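Worksheet for the structure shown next.
A short reminder: the numbers here are calculations on the coordinates, not readings from a lab. On a predicted model such as this, the values are computed, not experimentally measured, just so you know. In this analysis, Cβ positions are derived from the backbone assuming ideal geometry, glycine residues included, and neighbour counts consider all displayed protein chains.
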Ligand SMILES: O=C(O)CCC(=O)C(=O)O
């Protein structure tokens, strides 16, 4: 059976260092998305949407053990019977701050969580954040899926491992800035084509200090075709995908059967 999923990506402007206003904005956009005509099954938020990149004050601003965010997203999922891929937030744990994504199911249950494992040095993440130690694997509507965050798309091994584990769908919350729109599009498209999977990437928009973010949240199918792509403005991007296309593409060009991993060695 070919599973159809209706998606809503919340391309949100984020106020650095102002969680209160960001929670309000997320709440407004989530409500807008569930009442939209498409009636989405899955809603996706961008990266670090609670605090933005207020890294200097991140320990003070971060959500302790993610409790505020988990309560908020879990009750929203349950109230509306939807799946929420909660982008990511700054989460304060005992050993520091993590860039963490939570995914909640239709009954408000936690389907999975993932802390960003590749920290982005260009934005000095490694000075302020702790790196996650495991992949973001989860099951969505009975299908294997993965969550990766922003810079992770530069690491094809991560996507390939998840795809080898059966993932048909990858969610990518991001705060990907100008001027690297070309990298954003190309890397996301490559990850979709090489792994023959859907890639659902939700970027932020707006500016933060000297950094501007181009939006262009996008849904890409396993052929590398764009199902839907946003512009630069704040708003909700919707699209419908059919997971049956993954099996179709994988049987037409059997990349996974044709791999020769025993030969991929240097000696
Ligand atoms: O890799 C890039 O160019 C952007 C990555 C990034 O902004 C991030 O991971 O926060």
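Listed here are the residues, each with its yes/no results for (1) near the ligand (Cβ under 10 Å from one of its atoms); (2) under 17 Å from the mean Cα position of the chain (by Cα); (3) more than 20 Å from residue 244 (Cβ to Cβ).
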residue: 131; (1), (2), (3): no, yes, yes
residue: 142; (1), (2), (3): no, no, no
residue: 145; (1), (2), (3): no, yes, no
residue: 151; (1), (2), (3): yes, yes, yes
residue: 159; (1), (2), (3): no, yes, yes
residue: 177; (1), (2), (3): yes, yes, yes
residue: 180; (1), (2), (3): yes, no, yes
residue: 183; (1), (2), (3): yes, yes, yes
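Name every residue in segment 223-240 that is assigned to a loop (DSSP other than H, G, I, E, B) and either within 26 Å of residue 207 (Cβ to Cβ) or under 17 Å from the mean Cα position of the chain (by Cα) (or both), in order of residue number.
Of all residues in segment 223-240, those assigned to a loop (DSSP other than H, G, I, E, B) come to 223-225, 230-234.
Those that are assigned to a loop (DSSP other than H, G, I, E, B) and either within 26 Å of residue 207 (Cβ to Cβ) or under 17 Å from the mean Cα position of the chain (by Cα) (or both): 230, 231, 232, 233, 234.
Quick one: which of 192, 163 is away from the ligand (no atom under 16 Å from the Cβ) and more than 19 Å from residue 112 (Cβ to Cβ)?
Numbers: 163 fails: more than 19 Å from residue 112 (Cβ to Cβ).
192 is the lone residue from the list that is away from the ligand (no atom under 16 Å from the Cβ) and more than 19 Å from residue 112 (Cβ to Cβ).
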Requested in this report: Determine which single condition residue 124 fails, assuming it passes every other condition in (1) closer than 25 Å to residue 246 by Cα; (2) surrounded by fewer than 18 Cβ atoms within 10 Å (Cβ to Cβ); (3) within 14 Å of the ligand (Cβ to nearest atom).
Outcome: (1)
**Report entry** Failed condition for residue 113, given (1) away from the ligand (no atom under 16 Å from the Cβ); (2) within 23 Å of residue 32 (Cα to Cα); (3) in a strand (DSSP E or B)
**Finding:** (2)
Report summary line: residue 106: passes all of (1) farther than 18 Å from residue 146 by Cα; (2) in contact with a strand residue (DSSP E or B) (Cβ under 8 Å, 6 or more places away or on another chain); (3) assigned to a loop (DSSP other than H, G, I, E, B) but (1)
Query - Flag for residue 79 being closer than 19 Å to residue 39 by Cα, more than 13 Å from the ligand (Cβ to nearest atom) and out of contact with any strand residue (DSSP E or B) (no Cβ under 7 Å at 6 or more places or on another chain) - result: yes
